[in-house]
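*Asks:* Before anything else, here's the structure in question.
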Amino acid sequence: MSIRTTLSADGSVCNIKITGAFDVALSTHFEDTLGTIPTSVDIIRINLKEMTSFDASFLSSVLLVREKYVSTILELFNCSKNHARRFSMAGLDKLVRIRLGTDSHQEDQGQNQSDDADEGKG
């Protein structure tokens, strides 16, 4: 499991890529990662294409992002239908954009990698 963040060259878009299972152990790292994202970003995109599963700590983490970045567009993309259904049941679809499948938002070239951490390796 890992979290990787990249910031666009102009600092307006932050992409977060989650790989593997998101659980309580990864949520702590996710919260630490939030501290590295400038509050001036316009859009935070969380790529879930490689997120295999999640527990309630993921939902809590998304709510923390929404709380800290009130005026920022928050988007969960590359969601599976199952994940999107669970997000909707939890009411996240009213707070963030949820996009199914492979979305047109690709991590822009020219971005700076701001964090790359792998948990559970070794």
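Coordinate-derived values only; no laboratory data. On a predicted model such as this, the values are computed, not experimentally measured, just so you know. Note that we place each Cβ from the backbone using ideal geometry, even for glycine, and neighbour counts take in every protein chain shown.
*Asks:* Seen from all sides and averaged, what is the projected area of the convex hull of the Cα atoms in the stretch 30-88, in nm²?
*Replies:* Convex hull of Cα atoms, orientation-averaged projection: 4.1 nm².
*Asks:* Tell me, what ³J(HN,Hα) does each residue in the stretch 38-44 have, in order and in whole Hz, if you take phi through Karplus 6.51 cos²θ - 1.76 cosθ + 1.60 with θ = phi - 60° and put x for Gly and Pro?
*Replies:* x, 6, 8, 5, 8, 9, 10
*Asks:* Which ³J(HN,Hα) values in Hz, rounded to whole numbers, follow from the phi angles of the stretch 10-21 under the Karplus curve 6.51 cos²θ - 1.76 cosθ + 1.60, where θ = phi - 60° and Gly and Pro get x?
*Replies:* 8, x, 8, 10, 10, 9, 10, 10, 10, 10, x, 7
*Asks:* If you don't mind, another one. Let me spell out the model: positive unit charges on the Cβ of Lys and Arg, negative unit charges on the Cβ of Asp and Glu, origin at the Cα centre of the stretch 2-118. What dipole size does that give, in debye rounded to 20? Kindly include the intermediate steps, with their values, before the conclusion.
*Replies:* Numbers: 12 positive and 16 negative charges, 113 e Å.
Here the stretch 2-118 has a charge dipole of around 540 debye.
*Asks:* Can you compute the modelled spin-label distance between Lys49 and Arg97, with each label point 7 Å from Cα toward Cβ, in nm?
*Replies:* Inter-label distance under the simple model: 1.7 nm.
*Asks:* Express in nm, to one decimal, how much length is gained between Glu31 and Ile73 on full extension, taking 0.36 nm for each residue of separation and deducting their alpha carbon distance.
*Replies:* Details: separation 42, 0.36 × 42 = 15.12 nm, distance 1.81 nm.
Once the chain is fully extended between Glu31 and Ile73, it gains 13.3 nm.
*Asks:* Let me ask something else about it. Which order do Glu31, Glu75 fall in if you start with the one that has the fewest other Cβ atoms within 10 Å? Present the calculation step by step, with values, prior to reporting the outcome.
*Replies:* Working: Glu31 15, Glu75 18.
Final ranking by Cβ density, sparse to dense: Glu31, Glu75.
*Asks:* Once every Cα of the stretch 2-118 carries one equal point scatterer and solvent is ignored, give the base-10 log of I(q)/I(0) from the Debye formula at q = 0.19 Å⁻¹, two decimals.
*Replies:* -1.01
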